[in-house]
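Worksheet: the structure to be examined is printed underneath.
What follows is calculated from the coordinates using simple rules that are stated; it is not laboratory data. This one's a predicted model, so the numbers in the text were calculated from it and none came from an experiment. All Cβ positions, even for glycine, are placed from backbone atoms using ideal geometry, and neighbour counts span all protein chains on display.
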Amino acid sequence: MLIKANNLTKRYGTKLALDNINLQIDRGQLIAYLGTNGAGKSTTINLLTGLMTPTSGMIARRQGIKIGVVFQDSILDKELSVKDNLNFRSNLYHEDHTE
């Protein structure tokens with residue numbers, strides 16, 4: 001098991017974005033997570049990567065796992081240099097800047 005989510009729920013104020021999602025991702029699996037706009041795909045990814053915290057539920061990640069995500073639109077800040085963009089993103093994951 002690389003990642004496991006049990007009864008994952010996320011609310012934005014009174015809006016329910018995710019309602020008791022359960023999933024498990026094992027080593028070697030290829031996952032396609034599909035849905036319409038507003039279905040909660042980005043919210044789920046942000047929760048699984050640790051960028052957001054769930055309203056309720058549990059997420060377990062194997063220790064030392066690194067998760068990479070490629071978003072549809074660029075998330076780079078055009079005002080920052082390449083180095084500053086990399087440093088900023090690595091800070092989100094508490095990564096060492098020397099890697």
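Values computed for the structure shown
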quantity	calculated
Pairs from Lys4/Lys41; Lys10/Lys41; Lys15/Lys66; Lys41/Lys83 whose Cα-Cα separation, in the structure shown, is over 19 Å	Lys15/Lys66; Lys41/Lys83
Net charge contributed by nearby residues that have their C-beta within less than 15 Å of Leu8 (K/R +1, D/E -1)	+4
Proxy reagent accessibility, fewest Cβ within 10 Å first, across Val70, Val82	Val70, Val82
Protection proxy ranking, peptides 24-32, 11-19, average beta carbon neighbours within 10 Å, highest first	11-19, 24-32
Relative contact order [Cα under 8 Å, 6+ residues apart], the range 1-59, whole percent	44
Residues Met52, Met1, sorted so that the one with the fewest Cβ neighbours within 10 Å comes first	Met1, Met52
Among (1) 7.7; (2) 8.3; (3) 6.4, the entry that matches mean projected area of the Cα convex hull in nm² as calculated here	(1)
Mean Cα-pair separation over length for the chain, i.e. relative contact order, pairs under 8 Å, 6 or more apart, %	29
